[in-house]
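Notes for the one structure printed next.
Read-outs throughout are calculated quantities, based only on the coordinates presented, and are distinct from any laboratory measurement. Just so it is clear, the model here is predicted, and its values are computed rather than measured. No Cβ is skipped: glycine too gets one built from the backbone with ideal geometry, and neighbour counts run over all protein chains shown.
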Protein chains: 2
Amino acid sequence: MGSVNIKDIARMCGVGVSTVSRALNDHPDINQATKEKIMRCIEENNYIPNNSARNLKRQEAKVIAILVKGLSNMFLISMTKLLEAEINKRGYSVALERIKFEEDEVDIALELVKEKRLKGIIFLGGDFEHRVDKLKELDVPFVLSTAGSKPDPINKENYSSVSVDDIHEAYRMTDYLCKKGHKRVAMLSAKSDDKSVGYWRLEGYKQALKDNGIKFDKDLVIYMRPDIEDYSMKNGYVVTKEFLEKGVDCSAIFAISDTLAIGCTRAILESGRSVPGDIAVAGFDGVEASEFYYPSITTISQPAEEMATATAKILFDIIKGKGGHQHLIFEAELIERESTNGK
Amino acid sequence: MGSVNIKDIARMCGVGVSTVSRALNDHPDINQATKEKIMRCIEENNYIPNNSARNLKRQEAKVIAILVKGLSNMFLISMTKLLEAEINKRGYSVALERIKFEEDEVDIALELVKEKRLKGIIFLGGDFEHRVDKLKELDVPFVLSTAGSKPDPINKENYSSVSVDDIHEAYRMTDYLCKKGHKRVAMLSAKSDDKSVGYWRLEGYKQALKDNGIKFDKDLVIYMRPDIEDYSMKNGYVVTKEFLEKGVDCSAIFAISDTLAIGCTRAILESGRSVPGDIAVAGFDGVEASEFYYPSITTISQPAEEMATATAKILFDIIKGKGGHQHLIFEAELIERESTNGK
DNA sequence: TTGTACGCGTTATCAT
DNA sequence: ATGATAACGCGTACAA
């Protein structure tokens, strides 16, 4: 029962372990006949190489890790798919790791580098406010993709980033709503103590109001509830319902995620109001559900494909020694849909 | 640079490697003072143990692997969260692995067992039609949770399963629609060659029609398109649109997933028809989006919490030698919502 | 082309 | 309480 290892296979085939190893790894220096014999033996005995031993011994592995903060974000999930395709295309494989909100992604990255001899790391999501000394320990190239805020700008030359400008895009959407004639635009933001996208997008919202000559009114800022799952439709629904019951005057709501926007829309419609007739709604991200909701949700669509392509390109250029670190900001697209534009 | 290892730490502290190992693993046989000294040294030098070496040497690890087939299914994602909580509660950690549709989950499981000395495996999703000899190789206990069809019933005593009865639940929903007076109920199923839930739920649909004295009409079966992502809202939207354009008479559509149902609903509304007035729609799974869509979608809600609890309990009972394999079927709940019941 | 022997970083065993 | 040393399973330089 003690499962078979490379030695057993070697013994059974009457060859040395190195020959078996060569057969396994498609090494050129091996007789085709013996290779086939070995492979057949491996098949028959259900031999499976031990990855821990391989990782331990191997000097380098063509592996890129993708560390995703929080698994429930559909936008990040679709990003991983795109990234994986880009990475596979280059003959590398992907180690996908999910990081819980309370975990430290840098700690996990550090472990992974040792364990799997990674060639590079892609961080997806997360606020990424980390201690500089820890970051310095990471001696493999890494790219921050779609991260909320940025680490200490002091050592920007040690890593790359690919993202959209949250302030700018939130500004764009708010401005769009103002230009549509809305004087009372509410913002459905993250938790009140959020330091990540919630903070930056709120910032863009404020600037746009100002430039449109509208005074910021803190009563128009709706915060996510900490006791309900972050960015869930339910959270958007519950807080909007409470907001509507307060009777604050407003003709448009801008939510910092499409999921929140959907919950928000449901709450409005359920109250007997119409969307966009009574209240217009806008979201952020461009996830599939925003397109198929009824009414479809106006949103800021992040250019996922381009961002994935750029992320992979930057990372591999650095790996191949062909380029230095870069910080790319992508322009998102405002997709106008029914939730702000009649049906 | 050349990252520090346990030997370096031992040398720096003037102790043997085994003492360092003891400090790391909270071994009892160690002086508190030396332990603290070592831990401080580890901290200062940013030493991180190599997991590959640990896994290689360790006899056993308190790790359960969860293998999820396809990462985009929201129902499965919420199941992983529940399962992880159950497993952590028992002092074990989780290795979450995502399996692509074209990959073989058993192969990956076999690898993982060797690599990480797993104590158990939970398979989430997937059709699970595997060769018996391969399954037999898996010498750690495993549970199939929410799997579509079942492996060869011949050796049911070698594994456990937790699921809902797809035929029964599809029957229930179809019957509900018939009892509501619908004589022409369409089924939005999986791809035409599907052998998994698509097949079983279609089976339940047919039986319910029969028991309600309605003749099965193959023109009322809508299949997912293979060229669009499986179970996506877009797929539901596109095929429904095509279906409506054919002008086939029907007053209700039962989709085998909520995501498909949402795309379907959008297509109907967009065509100028009303839901449920002109056509009623029902889904399957009970994901969050079905609740917040407008109209909210009638669905079969799987009891995720109970299934997760049961899955963990069965697995740990077997690990502790306290019980044998079981095959549990859970009763799902038909949640009646606006999409079949007026607004 | 093939086999032998060593080392990867750690934990377990056995002395001390 | 601590240290030396043998595994764990594999890849690879080097010898044959």
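Among A:Leu138, B:Leu202, the ranking by other beta carbons within 10 Å of each residue's beta carbon, starting with the fewest, stands as A:Leu138, B:Leu202. Among B:Arg98, A:Arg90, the order by Cβ neighbours within 10 angstrom, fewest to most, reads A:Arg90, B:Arg98. In nanometres and ascending order, the distances from the B:Pro28 label point to those of the other copies are 5.8 (point 7 Å from Cα along Cα→Cβ).
Plainly put, the tip 7 Å out from Cα toward Cβ on B:Ile335 is 2.5 nm from that tip on each other copy, the closest given first. With q set to 0.10 Å⁻¹, the log10 of I(q)/I(0) for the protein assembly as shown, from the Debye formula over equal scatterers at the Cα positions, is -1.09. When only Cα pairs below 8 angstrom with a gap of at least 6 residues are kept, region A:24-144 shows a relative contact order of 30 percent.
Remark: region A:261-268, residue by residue, has Karplus-estimated 3J(HN,Hα) of 4, 5, x, 4, 4, 4, 5, 5 Hz, where x stands for each Gly or Pro and the curve is 6.51 cos²θ - 1.76 cosθ + 1.60 at θ = phi - 60°. So how much slack lies between B:Asn5 and B:Glu111, counting 0.36 nm per residue of separation and subtracting their Cα-Cα distance, in nm? In short, 35.5 nm is gained.
Looking at the protein assembly as shown, what % of its DSSP beta bridges pair antiparallel, to the nearest 5? Percentage antiparallel, nearest 5: 10.
Computed over chain A, relative contact order equals 14 percent, with contacts defined as Cα pairs under 8 Å that lie 6+ residues apart.
The trypsin sites (Lys or Arg not before Pro) of region A:101-145 that DSSP puts in a loop, and whose beta carbon has at most 14 other beta carbons within 10 Å, are A:Arg131.
In region B:1-49, with Lys and Arg counted as +1 and Asp and Glu as -1 at Cβ, which of these residues, B:Met12, B:Asn31, B:Tyr47, has the Cα nearest the positive end of the dipole, that is, farthest along it? Most positive-ward Cα: B:Met12.
Annotation for region A:52-87: GluC sites (Glu not before Pro) lying in DSSP loop with at most 15 further Cβ atoms inside 10 Å of their Cβ are A:Glu60. If only the Cβ of Lys and Arg carry +1 and only the Cβ of Asp and Glu carry -1, the dipole of chain B around its Cα centre is close to 800 debye.
DSSP finds beta bridges in chain B, and of those with both partners inside it, around 10 percent are antiparallel. Among the chymotrypsin sites (Phe, Trp or Tyr not before Pro) in region A:199-283, those placed in a DSSP loop whose Cβ has at most 16 other Cβ atoms within 10 Å are A:Phe216. For the pair B:Lys134 and B:Lys246, what calculated FRET efficiency results from E = 1/(1 + (r/R0)^6), where r is the Cβ-Cβ distance and R0 = 56 Å, to the nearest 0.05? Taking R0 as 56 Å, the efficiency between B:Lys246 and B:Lys134 is 0.80.
Dividing the C-alpha radius of gyration of chain A by 2.2 N^0.38 Å, with N its residue count, gives 1.26. Among chain A residues, the beta-carbon with the smallest distance to the axis carrying A onto B is reported, with distance in whole Å, as A:Ser52, 2. FRET efficiency for the A:Ala33 to A:Met12 pair, using the beta carbon distance and R₀ = 22 Å, is estimated at 0.85. What the Cβ-Cβ distance of A:Arg90 and B:Glu103 gives, at R0 = 22 Å and to the nearest 0.05, is a FRET efficiency of 0.65. Sorted from shortest to longest, the distances between the B:Gly14 label points of this copy and the other copies are 5.9 nm, with each point 7 Å from Cα along the line through the beta carbon. Over all other residues within a Cβ to Cβ distance under 12 Å of B:Asp227, the charged ones net out to +1, with Lys and Arg as +1 and Asp and Glu as -1.
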